[in-house]
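In what follows, a structure is listed as structure tokens, so that the remarks can point back to it.
What follows draws every value from the coordinates through simple rules; no lab data is involved. Computed from a predicted structure; not experimentally measured. With ideal geometry, Cβ positions are generated from the backbone for all residues, glycine too; neighbour counts draw on all protein chains shown.
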Amino acid sequence: MKRIPRCSCLPILAVLAACGGSSTGPADVVDASEVDYSVIVPPIDVLYPDAPADDGGTVDPGPGDPGGTDEGDATPADTGNDPGGFVYACTPLAVESCVTACGSAGMRKCLKTWGPCLPPEEFCGNCVDDDCDGLINEGCGTVEQCEPPKVECPVALIDVAEGTGAFTNDTLHLSGEGSYAQSGTVTKWAWSVQAPAGAAGAFAPSAADAKPTFLVDAAGQYLFQLDVWDDAGTKSCVPALAAITVDTFPPQPPQVGCSDGTREGFVDQVAYPQIAGCSGAWERPGITPATVVPTCGLKAGNSGTNAAGTGCSAPDLCATGWHVCNGWSEVAQKSPTGCAGATPPDAKPKSLLFALRQPSKSNSVCGADGDGTNDVFGCGNLGTGLGPDKKCGPLDRVLASMQPNSCGFNEAEPNLGPWECKGNDGSDLREGANVTKKACQGASCQYDGAPIGPSDKGGVLCCRD
């Protein structure tokens, strides 16, 4: 079939009227046959904003609500209205209609920010490039002949040796050598990528090479883009895009991952076989230090035999063969959607935090092993929102206080929740070493009209060994 360059577009307003969607401008495009519509991941270091505050029930203005942050934390603690949080750009995992860069009616998905607008499959017989791959009516058999548009710009094309799928820590071999000019030759290439939050790969030897490689170190979907120029300095009218879905290596069958046999976060075991949110209580302090180990034989959990967490530590919430996730980089490797999907769709606002081992010295900035035990980090909808300046990859929540003996977030602590960060002087710089979930025994706390016990309002993030 004759190649038709991708410069023929439907009027944007006409497509919007047809699909009932909205758009703020032309969106990225990619061959729909190469895309997993269920997993679309935003760019590196994308903002993970906080959800709008609910009415929060009865707000306790006591010591659990100091109204600020610890001496090193720039993120305000909660006062019932969550003044230091961000506002979600969209509802995580929601899908809406949009307009693609070639004018067709596409769909986009939200992981706390809107992902790229993905075109539909090619519709036969309308003489339009619906799937934005540069061809009209491809794969349609015998249909009416369409007049190709006249173009003068070069055409960018991407080839990926590994195809459309890969595993974490694979090296992709990209090529733009198939790109061509209408007259003359292609002399310049410029690559870019939209990658999962926390991904650290780079084009080698450079983004200007015709055949670079790229290491994919985080799970999720990568969208590679290529622009080219010909020897007259003319740029391609539309960039070429290629979508690559990266799964965690090694692949694993579904498993609960929580010691009590039920998971409350990342609840779809098929979609998330290597990470789980496990609710429950523990009374032994700490989650960040490597010295925190199971102490009650993995008998903890909100539906287990020891829901009160008596004698338990945070790792007791994880099943055999699982462990408390070690830092944001492990979450990036084992969740294809980052923290989006950690809370079920029906979860009430400020109801769940799943914490992990994440070192930090100050300012709620994520660090490396040995960097300190400041603050408690995790995924969920309880806690102050984490922006990209905190360098926490996909993590979206933190408990951070400016006063001793507090976690710094009102709805997490008594009398609204069971999280406590007690440790006397200086404990506001060591929340990760002091945190427990043992308050509210006997469902003695209350939030939004419901009784709250020690195993409520979340627990830990467990990752597969």
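Take Asp448, project a point 7 Å from its Cα along the Cβ direction, then tell me which residues of region 93-118 have their backbone nitrogen under 20 Å from it. Taking a point 7 Å out along Cα→Cβ of Asp448, the residues of region 93-118 whose backbone N falls under 20 Å are 93-94, 112. Rounded to the nearest 20, the size of the Cβ-charge dipole of region 346-393 about its Cα centre is 100 debye, with Lys and Arg at +1 and Asp and Glu at -1.
Full extension of the chain between Ser192 and Thr291 gives 31.5 nm of extra length, using 0.36 nm per residue less the Cα-Cα distance. Relative protection proxy for 365-371, 252-258, from highest mean packing down: 252-258, 365-371 (other beta-carbon atoms within 10 angstrom). When only the Cβ of Lys, Arg, Asp and Glu is charged (+1, +1, -1, -1), the dipole of region 283-398 relative to its Cα centre reaches about 100 debye. Residue pairs exceeding 23 angstrom between C-alpha atoms, taken from Lys361/Lys390; Lys390/Lys437; Lys299/Lys437; Lys334/Lys391: Lys390/Lys437.
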